[in-house]
1. At 1.4 Å probe size, put 45, 158 in order of accessible surface, largest to smallest.
2. With charges set only on the Cβ (+1 for Lys and Arg, -1 for Asp and Glu), what does the dipole of segment 59-172 come to about its Cα centre, in debye to the nearest 20?
3. Show me the ranking of peptides 305-314, 121-130 by mean Cβ neighbours inside 10 Å, starting with the highest.
4. Obtain the nm distance between the two label points defined at residue 189 and residue 505 by a simple spin-label model: each point lies 7 Å from its Cα along the Cα-to-C-beta direction.
5. Under the definition of Cα pairs under 8 Å and six or more residues apart, what whole-number percent is the relative contact order of segment 63-218?
6. For segment 7-77, what are Rg and Dmax over the alpha carbons, in angstrom?
7. In what order, largest first, do 520, 154, 298 sit by accessible area if the probe radius is 1.4 Å?
8. Can you give me the C-alpha center-to-center distance between segment 326-399 and segment 502-516, rounded to a whole angstrom?
Amino acid sequence: MAPIRVLTALDHARTQYYHFKAIIIAGMGLFTDSYDLFCIVPVMKIIGRVYYPSPAGHAGRPGVTPPAVVSATVGVALLGAVVGNLLFGALGDRVGRRRVYGPCLLLLVCSSVGSGFSICRTRRCVLSSLCFFRFLLGVGVGGDYPLSATIMSEFANKRTRGAFIAAVFSMQGFGILASSGVTMVVAAVFDRFTGHPAPLDTPEAADLAWRVILMAGAVPAGLTFYWRMAMPETARFTALVQRDVLKATNDMGCVLTDLDLNAIYQGEDAAAMPRSPAPFGFEPAAQYGLFSRGFLREHGRNLLGCAATWFLLDIPYYSSTLFQSQIYRPWFPPASHQNVFQEAYNVARFQAIIAVASTIPGYFAAVLLIDRTGRRRLQMGGFFLMAAFLFALAGPYDHYWRGNAKNAWYIVLYALTFFSANLGPNTTTFILPAELFPARFRSTCHGVSAAAGKVGALVGSVGFLWASQSRDKDDVQAGYEPGIGMMYALIILGAISLLGLVVTYLFTPETMRRSLEENESERDQNQDGNGGMCFQELNLTPKSPGSLVSSHVSTSPIHPHRFSV
């Protein structure tokens with residue numbers, strides 16, 4: 001009996017340089033995701049001034065992008081993300097994580113550049129081009145979710161796996177900060193070199209400013225393209241899906257310097273180290289397909305839990321992100337008293353403050369606690385705190401917060417909703433699908449879960465952006481219709497957060513300190529998170545009577561991956 005020692009070695013490998021390098025490489029897609037999500041808000045302010053000048057009779061008001069256009073611009077990117085989640089998630093399991101990782105990033109970089117590089121100057125052409133390239137950008141961003149999470153989970157050791165995946169996801173926080181910083185720099189530079197135009201005077205240079213902001217997001221992602229292409233395939237995909245343990249061992253020996261390859265080779269005999277894909281040597285006898293009865297019986301509950309919690313999280317998370325404009329309005333002069341660059345600068349400055357004060361600290365707290373507290377507890381706690389802070393904002397909103405939005409406690413409570421989300425469910429919903437499913441379904445199931453989340457984001461960012469408008473026509477933002485009001489919108493979002501807590505309690509297992517193969521078993525998930533006596537078997541039947549008689553894989557706390565002949 002010979003263990004597949006390279007997978008055991010990965011589970012117990014010490015943290016080293018390549019792990020941190022992988023965090024940066026894998027995190028650049030998520031960096032670009034948040035960059036483009038947050039920069040589109042000030043960009044829409046600039047586009048409104050350039051392409052939607054004030055109509056006759058409203059000469060004292062600056063141009064405003066119609067809400068329908070804003071919703072379409074945000075919505076097409078999220079729809080593209082759903083497509084990318086499903087498409088690249090499936091490709092990651094079919095042809096390999098690494099083989100589609102580079103093309104996914106290339107699509108993301110090219111569409112970021114295309115979003116700003118429009119050769120036309122008419123309103124319809126510019127907006128059509130922007131929506132087209134933002135859809136492609138969404139496809140690239142959506143594809144990066146399952147690939148980055150799966151690659152990081154399969155490279156990491158089981159002791160710090162959660163922290164590594166959370167660190168990849170935390171690159172979103174730095175993307176927000178970079179978005180705000182670039183926008184502020186570009187706005188300040190253009191404001192200075194156009195001679196500080198009057199509030200209602202929009203120079204032609206503004207049409208270049210928003211393009212520069214959008215295209216700048218492609219730079220950091222493009223810089224990591226070479227390293228993505230140079231990454232080896234993950235050992236788990238090579239060994240467990242392609243059935244080439246020798247290649248998996250060689251690949252890991254090239255990047256993880258403390259692996260003793262001689263000891264691994266000596267421990268693997270010819271039967272335990274098939275050198276070719278499954279069609280030549282081994283064929284699983286008890287194999288079941290994706291969404292088959294066998295799959296649903298073994299993993300349907302987990303997939304439901306991952307998809308439902310991600311969906312429920314993104315409704316309040318994205319809606320809170322995109323109706324920031326109703327929160328920062330009292331802190332800055334009216335739009336009619338600022339020029340186009342000053343307005344974009346102030347919007348970006350507020351986003352930077354929220355990122356530094358709550359978003360990034362929430363990610364850091366998740367990295368520190370995820371492998372100590374556990375995914376399930378952190379997710380439940382995060383949902384509970386989100387609900388508490390949303391209710392705290394909602395309760396006295398109409399009677400107090402509406403006229404006192406400059407109150408420091410209002411901003412603190414608002415910031416704490418982001419801190420709670422990033423500490424808990426915004427991070428854990430990204431981690432759990434990368435840990436719960438077999439190697440041959442892992443990327444696909446993560447993509448399905450992420451797609452459900454993006455549907456929730458679509459509901460939150462488009463639906464609640466309109467619903468949160470005031471019921472008083474005189475207090476509605478330009479271009480919007482009266483809605484249910486911020487108080488009722490916040491109450492609904494708080495209730496959705498509580499529902500997320502309930503779904504987590506009912507459907508989410510703990511995956512802390514277990515190998516990925518142990519987490520596949522429904523029986524193992526009923527144990528505690530300390531990696532107790534967990535066993536799993538996969539029968540392998542030879543293709544012909546003249547080959548091996550029988551073979552199976554068994555896992556245990558000592559040797560989690562074992563072929564026996």
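1. Largest accessible area first, the residues go 45, 158.
2. Around 100 debye, computed over segment 59-172.
3. Descending mean neighbour count gives 305-314, 121-130.
4. 5.3
5. For segment 63-218, the relative contact order is 30 percent.
6. Radius of gyration, then largest Cα-Cα span, for segment 7-77: 22.0, 73 Å.
7. Order by accessible area, largest first: 298, 520, 154.
8. 27
The values are calculated or read from the model by the stated rules, or taken from the named source; none is laboratory data. Everything numeric in this text was worked out from a predicted model, so none of it was measured. Counting neighbours? That spans all protein chains shown, and the Cβs are built from the backbone with ideal geometry, glycine included. We work out accessible area using only protein heavy atoms, side chains counted, and drop any ligands, DNA or RNA first. Shrake-Rupley method; radii C 1.70, N 1.55, O 1.52, S 1.80 Å.
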